[in-house]
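Read the structure below first, then the notes.
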Amino acid sequence: MPATPPLRFDILTTFPEMFGDGPGCALNSSIPSRARAAGLVEWHAHNLRQWAGNKHNKTDDRPFGGGPGMVMMCQPVWDAVAAVEALDARPAARILLTPQGRLLTQELVEGLARRERLLLIAGHYEGIDERVIHALDPLEVSLGDYVLSGGELGAMILIDAITRLLPGALGHESSAAEDSFSSITVDSKSGRAMRLLDCPHYTKPREWNGVTVPDVLLSGDHGAVDRWRLEQRLARTRERRPDLLSD
Ligand code: 9D3
């Protein structure tokens with residue numbers, strides 16, 4: 001038995017089979033599945049239709065005011081949250097995956113990884129009735145400025161990003177803390193923590209397609225290698241993601 005109970009995710013969705021136990025599910029490969037096997041994390045997907053409360057299992061309806069698509073009704077969402085939250089005594093941090101949410105960042109992931117229980121609400125519809133969003137007061141999270149078909153992939157991204165930070169989740173010796181620390185560099189002028197892009201990586205052979213590996217990596221001078229890698233990270237971040245240096 002681990003010292004602490006597993007971090008518990010509950011996902012509310014009309015596509016629970018996307019989170020199934022089959023080998024084809026994205027979460028059943030790599031780090032999340034090993035973390036689950038090790039008792040660090042568990043996830044349970046629940047079909048919102050269970051709480052439809054009508055014989056057609058209907059959870060959505062046409063929008064007042066007209067327009068395309070369907071809107072998830074308040075009552076199934078509200079009843080589902082109440083029922084699922086009652087499955088465990090610990091209070092759940094409620095998260096709604098929505099294009100209107102705050103952009104998911106590593107800082108947010110790190111904060112969520114410290115919670116004991118997370119309730120993820122995903123949908124495949126134009127939206128959820130605003131009144132139940134207001135009543136549930138979830139943290140609203142977006143994956144980025146592009147249009148997805150629904151929130152389920154976002155829920156999987158959250159589970160993946162959070163799970164790999166749990167102590168013991170990474171298969172190799174480097175801890176999650178070291179791993180995320182290595183992505184942060186302290187700016188010597190401002191003393192500010194910066195997230196930098198990674199440096200280029202190379203392996204055998206030393207020459208491929210007429211292109212050789214940078215000499216410094218073959219020099220055996222670990223100090224020079226570290227300096228080169230930091231320079232590369234800074235240069236690539238300036239070039240490709242200047243927003244990471246200025247924000
Ligand atoms: C007509 C306006 N559309 C918004 C651009 C409606 C709409 C499109 C897609 C409403 C919901 C969706 C489904 N998307 C999500 O549920 C979603 C999402 C996304 O589309 N982009 C980035 N992050 C997320 S998190 C959930």
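The values are calculated or read from the model by the stated rules, or taken from the named source; none is laboratory data. Predicted model only: the values in this text are computed from it and were never measured. Cβ placement follows ideal geometry from the backbone for every residue including glycine, while neighbour counts extend to all protein chains displayed. With ligands, DNA and RNA removed, areas are computed over all heavy atoms of the protein, side chains included. Shrake-Rupley method; radii C 1.70, N 1.55, O 1.52, S 1.80 Å.
What single numbered condition from (1) open to solvent by less than 60 Å² (accessible area, probe 1.4 Å); (2) under 18 Å from Gly123 (Cα atoms) fails to hold for Val41?
(2)
For Glu107, are the conditions met, namely being without any contact (Cβ under 8 Å) to a residue 24 or more places away in the chain and away from the ligand (no atom under 13 Å from the Cβ)?
yes
When the range 4-29 is examined, which residues are found to be in contact (Cβ under 8 Å) with a residue 60 or more places away in the chain and buried (at least 17 other Cβ atoms within 10 Å of the Cβ)?
Leu7, Arg8, Phe9, Asp10, Ile11, Leu12, Thr13, Thr14, Phe15, Met18, Phe19, Leu27, listed by residue number.
Within the range 192-217, which residues are of a type outside the set (A, V, I, L, M), open to solvent by 70 Å² or more (accessible area, probe 1.4 Å) and part of a strand (DSSP E or B)?
Within the range 192-217, Glu207, Trp208, Thr212 qualify.
Working only within the range 130-147, note down all residues that are farther than 20 Å from Trp78 by Cβ, more than 11 Å from the chain's Cα centre (by Cα) and not acidic (Asp, Glu).
Answer for the range 130-147, where residues must be farther than 20 Å from Trp78 by Cβ, more than 11 Å from the chain's Cα centre (by Cα) and not acidic (Asp, Glu): Gly144, Tyr146, Val147.
Go through the range 11-31 and give me each residue that's charged (D, E, K, R) and more than 18 Å from Ala80 (Cα to Cα). Don't jump to the end; show me each part of the working.
At the first step, the residues of the range 11-31 found to be charged (D, E, K, R) are 17, 21.
If the condition is that a residue be charged (D, E, K, R) and more than 18 Å from Ala80 (Cα to Cα), then Asp21 is the only one that fits.
For (1) out of contact with any Leu (no Cβ under 8 Å at 6 or more places or on another chain); (2) open to solvent by less than 70 Å² (accessible area, probe 1.4 Å); (3) over 24 Å from Thr4 (Cβ atoms), each residue gets a yes or a no:
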{"residue": "Asn54", "(1), (2), (3)": "yes, yes, yes"}
{"residue": "Ala80", "(1), (2), (3)": "no, yes, yes"}
{"residue": "Ala83", "(1), (2), (3)": "yes, yes, yes"}
{"residue": "Gln106", "(1), (2), (3)": "yes, yes, no"}
{"residue": "Ser142", "(1), (2), (3)": "no, yes, yes"}
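Which is within 14 Å of the ligand (Cβ to nearest atom) and over 16 Å from the mean Cα position of the chain (by Cα), of Gly150, Gly127? It would help to see each step written out before you state the result.
Values: Gly150 fails: over 16 Å from the mean Cα position of the chain (by Cα).
The conditions single out Gly127.
How many of the residues in the range 143-175 are closer than 20 Å to Pro16 by Cα and not hydrophobic (A, V, I, L, M, F, W, C)?
7
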